[in-house]
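Below: the structure, in structure tokens.
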Amino acid sequence: MGTIVVTGSASGIGAATTERLEKDGHRVIGVDRHAAEIVADLGSVQGRADAISAIEDAANGLLDGVVSAAGLGPYDEARAGARVNYFGAVAMLDDLRGLLAGAEAPAAVAISSIGAVFTEMVVPEFVEACMAGNETSAQEAMTGRDGNSAYVNAKHALALAVRRRAAQWGELGIRLNAVAPGSTETPMLDRLHDDPALGPPVKALPIPLGRTAPASELASAIAFLLGPDARFVHGTILHVDGGSDAIVRPDAL
């Protein structure tokens, strides 16, 4: 059993993942803005640095896994969403890579979204700034846009970041993947359904399996990607969405 960091551990997919990993016998270092072993705001450079420092101390120099699950919703302010959902998420991967590199079978999982597939909403200058690590320019690209645009673009950029790190991380022996959840039963989905503007399109998202997913099902997918049964899975975006992506993009592989 290993030591695994889970950001966003206080609610939603992060909380379900924490519960699942602890049930499997792992030690989980939870990170969130409240109700976590490490309390930090990943929306700021200082908050990320504080989180990394605290994780290094708690982990005693070695991690077996990282789950970068902390995020804001489509209803939150756009620039804040960009900071947390991309730059905070990527920092938790890149800045903990050194602690992972010494483990026997290290793995990391980022949480993207079904929203990432809606490429007609992509703002190229935002994605380019993310790929270049330019947080200032990325936030400028979100100026005047709504939280939904920031959410979709940040989750799209995060999926690309995982793909683009496959070669370098693979050379270090660290597997890096992402999950792209569809409609998952979390406080975020509840809030989306209650939103007069965002609720209707979210509810209209086709789901071939005909239901939403309890957060525990996302936790199961994440546990799989972290575990020994996924030893040859690397650089992959796993859609855990009841088939929604197949409906939205039937010809995409």
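The values are calculated or read from the model by the stated rules, or taken from the named source; none is laboratory data. Here the structure is a predicted model, which is why all the values come from computation and not from measurement. Because the Cβ atoms are built from the backbone with ideal geometry, glycine has one as well, and the counts that use them run over all protein chains shown. Side chains included, ligands, DNA and RNA excluded: accessible areas come from the protein's heavy atoms. Shrake-Rupley method; radii C 1.70, N 1.55, O 1.52, S 1.80 Å.
Any residue in segment 35-49 that is within 14 Å of V90 (Cα to Cα) and without any contact (Cβ under 8 Å) to a residue 60 or more places away in the chain sitting within a Cβ distance under 8 Å of a residue that is open to solvent by less than 30 Å² (accessible area, probe 1.4 Å) and hydroxyl-bearing (S, T, Y)? List the pairs, counting only those 6 or more apart or interchain.
Sorted first by the residue in segment 35-49, then by its partner, the pairs are L42/T7.
Looking at segment 151-174, which of its residues are among the hydrophobic types (A, V, I, L, M, F, W, C) and open to solvent by less than 20 Å² (accessible area, probe 1.4 Å)?
Keep residues of segment 151-174 that are among the hydrophobic types (A, V, I, L, M, F, W, C), which gives 152, 154, 157-162, 166-167, 169, 172, 174.
Selection gives V152, A154, A157, L158, A159, A161, V162, W169, I174.
Scan segment 48-67 and tell me whether some residue there is closer than 24 Å to S183 by Cα and either among the basic types (K, R) or modelled with pLDDT of 95 or more (or both). Write out each step before concluding.
Taking segment 48-67 as the starting set, the residues that turn out to be closer than 24 Å to S183 by Cα are 66-67.
Cutting the leftovers down to either among the basic types (K, R) or modelled with pLDDT of 95 or more (or both) gives us 66-67.
Within segment 48-67 (the criterion being closer than 24 Å to S183 by Cα and either among the basic types (K, R) or modelled with pLDDT of 95 or more (or both)), the answer is yes, since at least one residue qualifies.
Which one is surrounded by the fewest Cβ atoms within 10 Å (Cβ to Cβ) among residues in segment 29-78 that are closer than 30 Å to H193 by Cα and of a type in the set (S, T, N, Q)?
Here the answer is S44.
Keeping to segment 175-194, report how many residues are within 17 Å of the chain's Cα centre (by Cα) and either over 14 Å from F118 (Cα atoms) or open to solvent by 60 Å² or more (accessible area, probe 1.4 Å) (or both). Quick ask: steps written out before the conclusion?
Start the filter on segment 175-194 by keeping residues that are within 17 Å of the chain's Cα centre (by Cα), which leaves 175-189.
Cutting the leftovers down to either over 14 Å from F118 (Cα atoms) or open to solvent by 60 Å² or more (accessible area, probe 1.4 Å) (or both) gives us 175-179, 183-189.
The qualifying residues number 12.
Would you point out the residue of segment 195-213, among those that are outside any loop (DSSP other than H, G, I, E, B) and surrounded by 13 or more Cβ atoms within 10 Å (Cβ to Cβ), that is farthest from the chain's Cα centre (by Cα)?
From segment 195-213, those outside any loop (DSSP other than H, G, I, E, B) are 199-204, 213; that's our starting set.
If we keep only those that are surrounded by 13 or more Cβ atoms within 10 Å (Cβ to Cβ) as well, we get 199, 202, 213.
Details: G199: 22, V202: 19, A213: 17 Å.
Selected residue: G199.
Kindly evaluate N148 against the criterion of being open to solvent by less than 10 Å² (accessible area, probe 1.4 Å), polar (S, T, N, Q) and touching a residue at least 60 places away in the same chain (Cβ under 8 Å). Show your work before the answer.
On the way: open to solvent by less than 10 Å² (accessible area, probe 1.4 Å): no; polar (S, T, N, Q): yes; touching a residue at least 60 places away in the same chain (Cβ under 8 Å): yes.
Spelling it out, it is not the case that N148 is open to solvent by less than 10 Å² (accessible area, probe 1.4 Å), polar (S, T, N, Q) and touching a residue at least 60 places away in the same chain (Cβ under 8 Å).
Regarding I247, is this residue in contact (Cβ under 8 Å) with a residue 12 or more places away in the chain, on the phi < 0 side of the Ramachandran plot, surrounded by fewer than 16 Cβ atoms within 10 Å (Cβ to Cβ) and part of a helix (DSSP H, G or I)? Steps first, please.
Working: in contact (Cβ under 8 Å) with a residue 12 or more places away in the chain: yes; on the phi < 0 side of the Ramachandran plot: yes; surrounded by fewer than 16 Cβ atoms within 10 Å (Cβ to Cβ): yes; part of a helix (DSSP H, G or I): yes.
The answer is yes for I247.
Quick check, is E22 charged (D, E, K, R), touching a strand residue (DSSP E or B) at 6+ places or on another chain (Cβ under 6 Å) and either open to solvent by 10 Å² or more (accessible area, probe 1.4 Å) or assigned to a loop (DSSP other than H, G, I, E, B) (or both)?
yes
Quick test of your reading of the structure: A141 fulfils all but one of (1) crowded, with 23+ Cβ neighbours inside 10 Å; (2) within 23 Å of T7 (Cβ to Cβ). Name the failing condition by number.
(2)
Which pairs turn up if I take residues in segment 116-127 that are touching a residue at least 12 places away in the same chain (Cβ under 8 Å) and hydroxyl-bearing (S, T, Y) and look for partners that are open to solvent by 10 Å² or more (accessible area, probe 1.4 Å) and in a helix (DSSP H, G or I) with beta carbon separation below 9 Å, at least 6 apart in sequence or on another chain?
Listed pairs, sorted by first residue: T119/H156.
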